[in-house]
Amino acid sequence: MALRGIKVLELAGLAPVPVCGMILADYGAAVTRVDRPGTVLNYDVTARGKRSIALDLKKKEGVDIVRDLSKKHDILIEPFRPGVMEKLGLGPKILTEENPSLIYVRLTGFGQTGPYKKMAGHDINYLAMSGVLSFLGRKNENPLAPINLLADFAGGSFVCAMGVMAALLERSASGKGQVIDSCMVEGAAYVGSWLYASKEMNIWGNPRGQNFLDSGVHFYETYKTADDKYMAVGALEPQFYSVFLDKLGLTDEELPQFGEPDEMKAKLAGIFATKTQDEWSKIFDGSDACVTPVLDTEQAAQHYHNVDRKSFLPGGMPRPAPILSRTPAIPASTDLNIEPGANTLEVLQENGYTQDQINNLLDQNIIEQHGHKAKL
Amino acid sequence: MALRGIKVLELAGLAPVPVCGMILADYGAAVTRVDRPGTVLNYDVTARGKRSIALDLKKKEGVDIVRDLSKKHDILIEPFRPGVMEKLGLGPKILTEENPSLIYVRLTGFGQTGPYKKMAGHDINYLAMSGVLSFLGRKNENPLAPINLLADFAGGSFVCAMGVMAALLERSASGKGQVIDSCMVEGAAYVGSWLYASKEMNIWGNPRGQNFLDSGVHFYETYKTADDKYMAVGALEPQFYSVFLDKLGLTDEELPQFGEPDEMKSKLAGIFAAKTQDEWSKIFDGSDACVTPVLDTEQAAQHYHNVDRKSFLPGGMPRPAPILSRTPAIPASTDLNIEPGANTLEVLQENGYTQDQINNLLDQNIIEQHGNKAKL
């Protein structure tokens, strides 16, 4: 796999960093999550393929372990506000001096520099600051962030993982590491690049929620079915809109593509409400009407197209994308939960720590091994 | 830069492929877009750093040019339904046989296999099929796709670009290329992994639009200001909620964090409506209340935090993310429009075509050079 042999230290944090670690693990990296001892709330729900060590970074010996491990790892990812790692003595300057091929990754909302760098925030704030949130949401309603998908994950975890791969590529030529400042405001904006670039196109021009792609037309919208599920209509092009009408048994006069949106939506809502999602799915199945059921996660994992492609793993998680024909990303395990400190002893042993050293660290509560407090 | 020296052939198509090409160009690849002669509608609004050649792929000689160029390029990206390239004689089997280190990238909605592989669709359909759309949208309303950001771009262009980098990484070890099946249904699902994984957490459990992160609570929501702009509130943690209340001059009794959502939202709506976005921005600026203005694209490019970080390029486009300290992705140009066929002659010359060959191809209308129909 693409990242086979690559070793990653992931300092435990909220969703964006664990998901970034998940991607790297999916692509074959050996990811070790560094947790605090006594961690009760394990935020990492995407821990497949990872291991965990628990260290007390408030103690010098704990910090020394991370410094030592950083010399034997390729990538370190940290989620903290700028300055936290430096205060611990684990800042990029020190660690990259001791290991010039280390790729030191910092994934935060507002970035490592700038007036807001130490401000608290969440996805909705980063998305708001990026300009992207201003596009989202129905007319006459407040802007709506799509959960935390665009800043935390798309513009966070995924843009960050892509940057890591770029840095690894560059390192394969230069032999050198570097520091990655992965800022979610910027990642979200970058993911939304096309919005900024397409502003002059005729698909824009009206207020939010009244354009072609943002719920302003009836032929790019979702509709409720008789059984309180939904169908998604995306019939943008005239030739697809024709098929759409044909499947509904309607003429263009009855539902003109450029009829008044609210009126057309009301009409379609009435039509879609008369049959179940299953019935509509069969009617549109395989046609070019650009109509598909809105599936929940269970349905998605069971839909025959997705089943054919094995788009979902056993257990229902999405399979890593995209598919590389020769060396696809295959998660080492589908177990999403790794207990904090599950592998502390084995990881230290692998990295040259003796039984005595380890026992010492255990005694002083510098390290913690999940489920095991006895000496070796 | 990470992709310096990498040569990409991008077959022109709708938004997802051009944006993928943009990312690779941003990271230093030499991207050549292959257009059809006589192209009127140029869909590529993110063409910065690219060149374009115009070839008639309906003619054997045009196909031969692509076959020939594929032997001298590292990556080919195509957006067509499965079978189209094969029919042209440019399928992956032929091209990877002739160039075993070629990375052949296929970016589509439903993927290269499966019952829906030849069905037309758009972002809203792919998102519906992934399971992710079922999470999005306010309560008592139909699901709302965030424009075409999640399937076309996040799960399309960006996941695809990441896969390309992974394949390049793998190739630097093995010397071999491979075929990438980048399916937007799967990319969108993969980007949404955390949603599938976090289902058991207490932040979920209610119907759509009634949970913590999907507009179900008043402290993770947007509010309209006196001047018809918006503020974004993301005060999830109690300590941040305290700061939020403090800045509003409210007590916990007046606006309890776990008060009835609609009631709390109403109250906050009334409060936020009393001041302008600027006034609110100043009140919350730099605090840990997790409140930020919802900026449009112009405001985002001018916000002092983003300006300090140069988050936006001259002209207003988002700067490529993330920042690699030593070899950042710096777009070669900010010009977003490249005319179809702008560089046909120079590209062919670079690739060993003689003046006679080129004149011949021009005469037969196999190739087209923008703005220049004369012989050399």
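The values are calculated or read from the model by the stated rules, or taken from the named source; none is laboratory data. Bear in mind that the values here come from a model prediction, so they are computed numbers and not experimental data. Here Cβ is always computed from backbone atoms with ideal geometry, including for glycine, and neighbour counts include all displayed protein chains.
Pull out all pairs, ordered by first then second residue, where Cβ-Cβ is under 8 Å, the residues are six or more apart or on different chains, the first lies in the stretch A:333-345 and is on the phi > 0 side of the Ramachandran plot, and the second is outside any loop (DSSP other than H, G, I, E, B).
If the second residue must be outside any loop (DSSP other than H, G, I, E, B), the pairs left are A:341/A:35; A:341/A:52; A:341/A:53; A:341/A:54; A:341/A:367; A:341/A:368; A:341/A:369.
For a quick check of your reading of the model, give me the residue pairs whose first member lies in the stretch A:190-217 and is in contact (Cβ under 8 Å) with a residue 24 or more places away in the chain, whose second is in a helix (DSSP H, G or I) and of a type in the set (Val, Ile, Thr), with beta-carbon atoms closer than 6 Å and at least 6 apart or on different chains.
Short answer, once both residue conditions are applied: A:196/B:297.
Out of the residues in the stretch B:103-129 meeting the condition of being surrounded by 23 or more Cβ atoms within 10 Å (Cβ to Cβ) and among the polar types (S, T, N, Q), tell me which one is nearest to residue B:221 (Cα to Cα).
Among them, the one singled out is B:125.
Give the residues of the stretch A:15-31 that are crowded, with 24+ Cβ neighbours inside 10 Å and within 18 Å of residue A:350 (Cα to Cα), sorted by residue number.
Of everything in the stretch A:15-31, those that are crowded, with 24+ Cβ neighbours inside 10 Å and within 18 Å of residue A:350 (Cα to Cα) turn out to be A:29, A:31.
Check residue A:179 against each of (1) within 7 Å of another protein chain (Cβ to nearest Cβ); (2) surrounded by 24 or more Cβ atoms within 10 Å (Cβ to Cβ) and name the one condition it does not meet.
In the conditions (1) within 7 Å of another protein chain (Cβ to nearest Cβ); (2) surrounded by 24 or more Cβ atoms within 10 Å (Cβ to Cβ), residue A:179 misses (2) alone.
Every residue in the stretch A:218-240 that is without any contact (Cβ under 8 Å) to a residue 40 or more places away in the chain and either surrounded by fewer than 21 Cβ atoms within 10 Å (Cβ to Cβ) or over 20 Å from residue B:128 (Cα atoms) (or both), please.
Passing the criteria: A:228, A:237, A:238.
A quick yes/no check of all residues on (1) surrounded by fewer than 21 Cβ atoms within 10 Å (Cβ to Cβ); (2) touching an Asp or Glu at 6+ places or on another chain (Cβ under 7 Å); (3) modelled with pLDDT under 90:
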site: A:259; (1), (2), (3): yes, no, no
site: A:267; (1), (2), (3): yes, no, no
site: A:278; (1), (2), (3): yes, no, no
site: A:296; (1), (2), (3): yes, no, no
site: A:303; (1), (2), (3): no, no, no
site: A:306; (1), (2), (3): no, no, no
site: A:315; (1), (2), (3): yes, no, yes
site: A:332; (1), (2), (3): yes, no, yes
site: A:335; (1), (2), (3): yes, no, yes
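Identify all residues within the stretch B:135-156 that are within 25 Å of residue B:216 (Cα to Cα) and touching a residue at least 60 places away in the same chain (Cβ under 8 Å); write none if there are none.
Once the filter is applied, which keeps residues that are within 25 Å of residue B:216 (Cα to Cα) and touching a residue at least 60 places away in the same chain (Cβ under 8 Å), the stretch B:135-156 yields B:135, B:136, B:137, B:138, B:139, B:140, B:141, B:143, B:148.
From the list B:153, B:212, B:219, pick out the single residue that is at the interface with another protein chain (Cβ under 7 Å from one of its Cβ atoms) and closer than 18 Å to residue A:151 by Cβ.
B:153
Restricting to the stretch B:225-251, count the residues that are touching a Lys or Arg at 6+ places or on another chain (Cβ under 6 Å), more than 8 Å from every other protein chain (Cβ to nearest Cβ) and not aliphatic (A, V, I, L, M).
Qualifying residue count for the region: 0.
Picking from B:132, B:159, B:164, which residue would you name as being over 14 Å from residue A:222 (Cβ atoms), more than 7 Å from chain A (Cβ to nearest Cβ) and out of contact with any His (no Cβ under 9 Å at 6 or more places or on another chain)?
B:164
Give me the helices (runs of 4 or more DSSP H) completely within the stretch B:252-305, filtered to those with at least 1 residues that are within 30 Å of the chain's Cα centre (by Cα) and within 7 Å of another protein chain (Cβ to nearest Cβ), ordered by residue number.
Filter on the stretch B:252-305 gives B:297-302.
Name the residues in the stretch B:8-27 that are modelled with pLDDT under 95 and closer than 18 Å to residue B:55 by Cα, would you?
Answer for the stretch B:8-27, where residues must be modelled with pLDDT under 95 and closer than 18 Å to residue B:55 by Cα: B:12, B:13, B:14.
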